[in-house]
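The values are calculated or read from the model by the stated rules, or taken from the named source; none is laboratory data. Everything numeric in this text was worked out from a predicted model, so none of it was measured. Every residue, glycine as well, gets a Cβ built from its backbone with ideal geometry; the counts of neighbours run over all protein chains shown. The accessibility values were calculated without ligands, DNA or RNA, using every heavy atom of the protein model including side chains. Shrake-Rupley method; radii C 1.70, N 1.55, O 1.52, S 1.80 Å.
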Amino acid sequence: MAILLFADHDNDVLFDQTARAMTAALQIGGEIDVLIVGKNAQGAAQAASHLTGVRKVLLAEGDALEHRLAEASAALLVSLAPHYATLVAPATTSGKNIFPRVAAFLDVMQVSEIVEVVAPDTFKRPIYAGNAIQTVQVTDAKIIVTVRTANFTPTAQDGHAPVESIAISDTPPLSTFVENRFASSDRPELSSARLVISGGRALGSEENFRRLILPVADKLGAAVGASRAAVDAGYAPNDWQVGQTGKIVAPDLYLACGISGAIQHLAGMKDSKVIVAINKDADAPIFQVADYGVVGDIFDMLPELESKL
Amino acid sequence: MKILVAIKRVVDHNVKIRVKSDGSGVDNSNAKMSMNPFDEIALEEAIRLKEAGKADEVVAVTVGGLAAQDVLRTALAMGADRAILIKADTIPEPLSVAKLLAAIARSETPDLMLFGKQAIDDDCNQTGQMTSALLGWSQATFVSHIVLDGDRARATREVDGGLQVIEVTLPSIMTVDLRLNEPRYASLPNIMKAKKKPLEEMNSADLGIDIAPRLRVIATEEPSGRKSGITLSGMSELIDKLKVEAGVL
Ligand SMILES: Cc1cc2nc3c(=O)[nH]c(=O)nc-3n(C[C@H](O)[C@H](O)[C@H](O)COP(=O)(O)OP(=O)(O)OC[C@H]3O[C@@H](n4cnc5c(N)ncnc54)[C@H](O)[C@@H]3O)c2cc1C
Ligand SMILES: Nc1ncnc2c1ncn2[C@@H]1O[C@H](COP(=O)(O)O)[C@@H](O)[C@H]1O
């Protein structure tokens, strides 16, 4: 039976994580429909129709769905579930918010953050901050998974599936949207960037973070990440946090600057292709996962790096 | 206003766990155990709401073995008024935990239920959302700020892209993120006092809920390790290596 892929997007733009979760869906195998939940979301729906391998795009639009709040989105997914054997979502904050709610309504145990499809009902997923990898088989009648998108490449985009609007029923909302506080940025998105530079507690202040990290990021065209210590101290915004409880990234290059390499941080970046660490402590654990290490002071190294790039 | 806080006993976050060589699981036999860090934050928030006069009672609840009494005693020492232990031989999967917690919520009828956003052992990030679904309540996940206002609450959520503010109707379930607060340590006098606070025990079987696992664990392995790298002299050599050897620039 078919697969329903819950898309993440902002109504205009389809997020790259959706194309990556699509790859996982293709590996599970079967006819794949993509669900766009939103309002004025033609842009995202059109983009989804181009994902290679999509049978059709279902477009559900309404006031209550504009911001994909959990209650309304989950109710919609539950109403569509009888037509599908498998429900897939990228493990973005949207997917993680909505999918367990759907799973509980359907009396199914969700498999969170799969990193590999072993068989259509069997998946690998990390536990203990990635210090162990579990292989689990679903015994429920339905399969509900979220996908750790850093572990899957985006699917190609040469498809042209039809877009079909679907009717939604209006139920009184349990929660309402107030506002988003998003900073707009021209930098690549952290979860899918090819190059990432991250700063840690060593930066010492927001001002230093901006003065030292951002110019290198701009020269490289890299996304910017941070350790929890840097985020907690207010040097960087929360959605830059990389780690077990922040974003999981696997870029071609991860440059860790003044970050010690706690297991919770490593959990978010140790699948990167090339890891570089700059740290003044030669014994910092980050050097155990780094391909290239430089022992030195970031206050000297980063301006030098910026000028030589 | 009554607040129920869901607490899980997990391997301490400082412990480096060991995967059993036969692939049968993770060896926790002698590991230090503690309250899941996110649940400490959830509990701290509940206690602060009580101290601010916004809540009257804070109840900590856990599903686990008899040993889980220790995290409940810690919760009582931090400031919870009472605690409930739902005994199970092995900790069930999130869906079953959610069913057990929903059953407790139906009898305790709290106005707000706080969860951690994820347990640092199974990293599932689903129990709060599932409990909310089973109860048909509103939900706010990954919360870093809470304001209670009559029969509604305003929650600031940490989401991809930044922060999102939503308003929920009570009763509600919220799962908390790291930056909501900084949990207190229990003082020695409060640890002593906690010994006299009520800790109720019940058997999961008595709640009449099927907690048989739905996922079959086939294997548990070590992740593939990284080979150790090389130390470079400085930025010029680094740029050279990244361009020529690694080919990523
Ligand atoms: C439940 C839980 C979840 C967590 N989740 C995350 C997570 O998702 N992401 C995360 O990152 N952390 C997470 N943590 C926190 C984690 O355990 C560490 O505390 C954190 O990663 C440390 O950040 P840091 O490396 O920036 O700071 P520190 O550990 O303080 O390291 C700073 C480093 O900078 C070096 N340094 C100092 N000055 C200089 C200089 N001038 N030049 C060069 N190097 C210098 C030091 O040698 C040191 O190695 C979590 C913790 C818990 C308990
Ligand atoms: N056995 C349990 N007993 C009580 N609460 C739990 C239990 N398991 C999970 N929780 C709660 O659910 C949250 C998320 O857990 P998880 O879905 O396993 O990542 C935790 O932070 C706890 O608040």
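As a calculated quantity, the FRET efficiency between residue A:79 and residue A:46 at R0 = 30 Å, using C-beta atoms, amounts to about 0.80. Measuring between alpha carbons in the structure, the pairs from A:96/A:142; B:16/B:99; A:273/B:241; A:96/B:32; A:273/B:32 lying more than 25 angstrom apart are B:16/B:99; A:96/B:32; A:273/B:32.
Surface composition of the protein assembly as shown: carbon and sulfur atoms hold 50% of the protein heavy-atom accessible area at a 1.4 Å probe. Dimensions of the protein assembly as shown based on its C-alpha atoms, expressed as ranges along the principal axes with the largest first, amount to 66, 63, 50 Å. Setting aside same-chain residues fewer than 8 positions from residue B:196, which lysines have a Cα under 19 Å from its Cα? Candidates past the 8-residue exclusion: nothing left. Can you bin the stretch A:190-308 into rounded, prolate or oblate? Criterion: square roots of the alpha carbon gyration tensor eigenvalues sorted a ≥ b ≥ c, rounded for a/c under 1.5, prolate for a/b above b/c, oblate for the rest. In terms of gyration-tensor shape, rounded. Neighbours of residue A:185 by Cβ distance under 13 Å: Lys/Arg scored +1, Asp/Glu scored -1, total -3.
Please check the stretch B:224-249 for residues whose accessible area, probe 1.4 Å, is lower by 50 Å² or more when all protein chains are in place than in their chain alone. Checking the loss per residue gives B:226, B:235, B:238, B:239, B:248, B:249. With a 10 Å cut-off around each Cβ of B:206-219, the average count of Cβ atoms from other chains is 4. For the stretch A:89-245, the fraction of C-alpha pairs more than 24 angstrom apart is 53%. Applying Stokes-Einstein at 37 °C and 0.692 mPa s to the Kirkwood radius of chain A, computed over alpha-carbon pairs, gives a translational diffusion coefficient of 161 µm² s⁻¹.
Shielding value for A:285-293 is 5, the average number of Cβ atoms from other chains within 10 Å of each residue's Cβ.
Placing R0 at 35 angstrom, the Cβ-Cβ distance between residue B:185 and residue B:152 gives a FRET efficiency of 0.60 after rounding to 0.05. On a per residue basis, chain B carries 43 Å² of accessible surface, using protein heavy atoms and a 1.4 Å probe. Pairs over the 26 Å Cα-Cα cut-off, from the set A:219/B:117; A:247/B:227; A:56/A:124: A:219/B:117; A:56/A:124.
Inter-chain Cβ neighbour count for B:172-181, averaged per residue, equals 2 (cutoff 10 Å, partner chain atoms only). Remark on the stretch A:92-126: accessible area falls by at least 40 square angstrom from chain-alone to full-complex state for A:93, A:96, A:97, A:100, A:101, A:104, A:107, A:109, A:125, probe 1.4 angstrom.
Using the Cβ of residue B:177 as centre and a radius below 14 Å, the other residues enclosed give a net charge of -3, where K and R count +1 and D and E count -1. Using a simple spin-label model with pseudo-atoms 7 Å out from Cα toward Cβ, residue B:145 and residue B:108 lie 2.8 nm apart.
Diagonalising the gyration tensor over the Cα atoms of chain B and scaling each eigenvalue by 5 before taking the square root yields semi-axes of 36, 24, 19 Å, largest first.
Highest mean packing first, where packing is the average number of other Cβ atoms within 10 Å per residue, the peptides B:32-38, A:32-38 line up as A:32-38, B:32-38. The convex hull of the Cα atoms of the stretch A:22-85, projected and averaged over all directions, covers 4.5 nm². The mean of 1/r over all pairs of different alpha-carbon atoms in the stretch A:98-165, once inverted, gives a Kirkwood hydrodynamic radius of 13.8 Å. The residues packed around residue A:58, meaning those with a beta-carbon under 13 Å from its beta-carbon, carry a net charge of -2 if Lys and Arg are +1 and Asp and Glu are -1.
In plain terms, the chain from residue A:309 to residue A:214 could stretch by 32.9 nm, reckoned as 0.36 nm per residue minus the Cα-Cα distance.
Summing both sides, how much accessible area is buried between B and A? Use a 1.4 Å probe and give Å² to the nearest 100.
What B and A bury together is about 7000 Å².
In order along the stretch B:225-234, the phi-based Karplus estimate (6.51 cos²θ - 1.76 cosθ + 1.60, θ = phi - 60°) of 3J(HN,Hα) comes to x, 9, 6, 6, x, 10, 9, 10, 7, x Hz; Gly and Pro are listed as x.
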